[in-house]
1. Please identify the pairs in which a residue from segment 143-158 that is among the hydroxyl-bearing types (Ser, Thr, Tyr) has its Cβ atom under 6 Å from the Cβ atom of a residue that is open to solvent by 70 Å² or more (accessible area, probe 1.4 Å), counting only partners at least 6 apart or on another chain.
2. How many residues are open to solvent by 40 Å² or more (accessible area, probe 1.4 Å) and not in a helix (DSSP H, G or I) if we restrict to segment 142-158?
3. Out of the helices (runs of 4 or more DSSP H) lying entirely within segment 1-91, which hold 2 or more residues that are within 18 Å of Lys118 (Cβ to Cβ) and either out of contact with any helix residue (DSSP H, G or I) (no Cβ under 7 Å at 6 or more places or on another chain) or modelled with pLDDT of 90 or more (or both)?
4. What pairs come up if the first residue lies in segment 113-136 and is at positive phi, the second is open to solvent by 40 Å² or more (accessible area, probe 1.4 Å) and charged (D, E, K, R), and their beta carbons are under 8 Å apart, counting only those six or more places apart or on different chains?
5. With the requirement that a residue be open to solvent by 100 Å² or more (accessible area, probe 1.4 Å) and under 15 Å from Thr147 (Cα atoms), what does segment 38-50 give you?
6. Listed residues Lys118, Lys148; which is basic (Lys, Arg) and more than 18 Å from Leu49 (Cβ to Cβ)?
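The values are calculated or read from the model by the stated rules, or taken from the named source; none is laboratory data. Here the structure is a predicted model, which is why all the values come from computation and not from measurement. Reconstructed Cβ throughout: ideal geometry from the backbone, glycine too, with neighbour counts over all protein chains shown. Surface accessibility is based on the protein's heavy atoms, side chains included, excluding ligands, DNA and RNA. Shrake-Rupley method; radii C 1.70, N 1.55, O 1.52, S 1.80 Å.
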Amino acid sequence: MMKKLLLMLLPLLFINCSSDDKDITPNQNSLVGSWKALKSEAIIEGNNLSNETKQLINNQMDPDIGYTYITFYSNGTGVGEDLRENSVENFTYTVQGNILSIVYAGDIDEDDSIITFKINGNQLFINDTSPSVLKNYQKLFPDAGLTKTDYLATYERM
């Protein structure tokens, strides 16, 4: 009886163990490599946010500029390249779970960056919700009642 039950349940174990999900558990090793920008977008919200102010902030965040390429090295350093602006920025980074902390070369203060990332297949999704960015725009546009200034970017592994 026990043997028959085991034989009946065995196929279910194989069915339940398979997964089509291609999400990769975020860690430093999964991030290492070069990535090419596919798209980016700014998410701006506020209690008294006019369309004009939203457009001004969006233009300043410049989601279409961003990095054209970003490379993460295994030693915790990296480089972001913007070919349109002909600029290169070096940085150091650490990873804890799905939280990515970046400190750019020449920064005196370590930013209070809250950057989450997710890797699905060959795509890297970055969501920057740094409080310092929100605070900066709240100072620049105090009447807008800003509650959110997030930056979303999608990259593809090269």
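1. Taking only residues 6 or more apart or on different chains, the pairs are Thr147/Glu45; Thr154/Leu38; Thr154/Lys39; Thr154/Phe125.
2. Residues meeting the conditions: 7.
3. Here the list reads 28-31.
4. Once the first residue is at positive phi and sits in segment 113-136, its partners that are open to solvent by 40 Å² or more (accessible area, probe 1.4 Å) and charged (D, E, K, R) give Gly121/Lys22.
5. Answer for segment 38-50, where residues must be open to solvent by 100 Å² or more (accessible area, probe 1.4 Å) and under 15 Å from Thr147 (Cα atoms): Asn47, Asn48.
6. Lys118
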